[in-house]
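A.B. asks: After the structure tokens below, expect a handful of questions from me.
Coordinate-derived values only; no laboratory data. Treat the numbers as computed from the prediction; the structure is a model and nothing was measured. In this analysis, Cβ positions are derived from the backbone assuming ideal geometry, glycine residues included, and neighbour counts consider all displayed protein chains.
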Amino acid sequence: QKEVEQNSGPLSVPEGAIASLNCTYSDRGSQSFFWYRQYSGKSPELIMSIYSNGDKEDGRFTAQLNKASQYVSLLIRDSQPSDSATYLCAVESSGNTGKLIFGQGTTLQVKP
Amino acid sequence: DTAVSQTPKYLVTQMGNDKSIKCEQNLGHDTMYWYKQDSKKFLKIMFSYNNKELIINETVPNRFSPKSPDKAHLNLHINSLELGDSAVYFCASSQRAGDEKLFFGSGTQLSVL
């Protein structure tokens, strides 16, 4: 069964620090990877997508992908209390099905 | 204007009842989805429709029946509700099938007593 695994946390970091969120996946054929943020009681929203090995930066967010190691990560620089949320890693199932497999999410707490 | 709206937001019902959740999107997207998020936060796809046609049908009990009267609407009907059906159900849409940027509705918290 194709899986996406994340440490559920909580991951606690002080305000201003770098938060590092990690994700591994089992489907070697996957080509598309995403990070969704979900505030408590709210719906998920897409914050980053990455398709090629390496880093992709968008403001304070950097997504990193290593397909050989089947590993995706999200770095949040200068963490703010407003970043406190659950971060869901999502991987597109191979075969261009459009089907996303989500991890269970990592809860991030940024303490002022 | 709400992009993806679903109703009701909360649904509390007894075991054995039949209930429906409605979803509408005004984004002009071709593809709509139903996802289930359990108490451990796992978000799992249930169904996907593209232009009213079913394209993804995961291993879901046949008590769950989606219906898409047009590409802007995707409803979910659940027969003979069970305790294990308690979860948050999210409707979502994307511009086209294979576009992984999903726009989610606000969710329906279903509690089966």
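A.B. asks: Counting Lys +1, Arg +1, Asp -1, Glu -1, what net charge surrounds A:Ser79 among other residues with beta carbon under 10 Å of its beta carbon?
C.D. replies: After counting each charged neighbour, the total is 0.
A.B. asks: Could you give the radius of gyration (one decimal) and Dmax (whole number) of the Cα atoms in the range B:1-76, in Å?
C.D. replies: For the range B:1-76, the Cα-based Rg and Dmax read 12.8, 36 Å.
A.B. asks: Here's another thing I want to ask about it. Please give me the summed charge of the neighbours of A:Gly105: other residues whose Cβ is under 10 Å from its Cβ, Lys and Arg +1, Asp and Glu -1.
C.D. replies: Its environment carries a net charge of +3.
A.B. asks: The range A:52-108: D in µm²/s via Stokes-Einstein (Kirkwood Rh, Cα pairs, 4 °C, 1.567 mPa s)?
C.D. replies: Answer from the Stokes-Einstein relation: 101 µm²/s.
A.B. asks: If you take each beta carbon of peptide B:91-101 and count the beta carbons of other chains within 10 angstrom, what is the mean?
C.D. replies: Average per residue, whole number: 3.
A.B. asks: B:Lys101 to B:Asn62: FRET efficiency via 1/(1 + (r/R0)^6), r the Cβ-Cβ distance, R0 35 Å, to the nearest 0.05? Intermediate values should be presented prior to the final figure.
C.D. replies: Values: r = 30 Å, r/R0 = 0.86.
That gives a FRET efficiency of 0.70.
A.B. asks: Separate question: Could you work out, residue by residue across B:43-55, how many beta carbons of other chains sit within 10 Å of that residue's beta carbon, and then give the average as an integer?
C.D. replies: What the average comes to for B:43-55 is 2.
A.B. asks: Suppose a student asked you for the relative contact order of chain A, using Cα pairs under 8 Å spaced at least 6 residues apart; what percent would you report?
C.D. replies: This gives 38 percent for chain A.
A.B. asks: Return the lysines within reach of B:Lys40: Cα separation strictly under 30 angstrom, same-chain partners fewer than 8 residues apart disregarded; answer none if there are no such residues.
C.D. replies: In chain and number order, the partners are A:Lys2, A:Lys42, A:Lys56, A:Lys67, A:Lys99, A:Lys111, B:Lys9, B:Lys19, B:Lys22, B:Lys67, B:Lys101.
A.B. asks: Another question, then. Quick check on the protein assembly as shown: of the DSSP beta bridges with both residues there, what percent are antiparallel, nearest 5%?
C.D. replies: Bridges in the protein assembly as shown are about 90 percent antiparallel.
A.B. asks: In percent, what relative contact order does the range B:1-69 have, based on Cα pairs under 8 Å that are 6 or more apart in sequence?
C.D. replies: After rounding, I find 20 percent.
A.B. asks: What is the distance in Å between the Cα centroid of the range A:61-112 and that of the range B:59-76?
C.D. replies: 29 Å
A.B. asks: Averaged across the residues of A:30-39, what count of C-beta atoms belonging to other chains lies within 10 Å of each residue's C-beta?
C.D. replies: Numbers: counts 0, 0, 2, 1, 3, 0, 4, 0, 6, 0.
For this peptide, the per-residue mean of nearby foreign Cβ atoms is 2.
A.B. asks: Quick one: what do you get for the range A:6-112 if you divide its Cα Rg by 2.2 N^0.38 Å?
C.D. replies: My calculation over the Cα atoms of the range A:6-112 gives 1.02.
A.B. asks: Taking all pairs of different Cα atoms in the protein assembly as shown, averaging 1/r and flipping that mean, what Kirkwood radius in angstroms comes out?
C.D. replies: Evaluated over the protein assembly as shown, this radius sits at 18.1 Å.
A.B. asks: Name the aspartates and glutamates eligible as straight-distance cross-link partners of B:Lys71: C-alpha to C-alpha under 12 Å, and not fewer than 8 places from it in the same chain.
C.D. replies: List returned: B:Glu24, B:Asp30, B:Glu53.
A.B. asks: Please arrange B:Thr2, A:Thr24 by counting, for each residue, the other beta carbons lying within 10 Å of its beta carbon, fewest first. It would help to have the intermediate numbers written out before the result.
C.D. replies: On the way: B:Thr2 10, A:Thr24 18.
Ranked by crowding around the Cβ, least crowded first: B:Thr2, A:Thr24.
A.B. asks: Moving on to the next point. Per q in 0.16, 0.18, 0.22 Å⁻¹, report the Debye log10 I(q)/I(0) for the range B:22-113, using one uniform scatterer on each alpha carbon and no solvent.
C.D. replies: With no solvent term, the Cα-only Debye profile gives -0.59, -0.75, -1.10.
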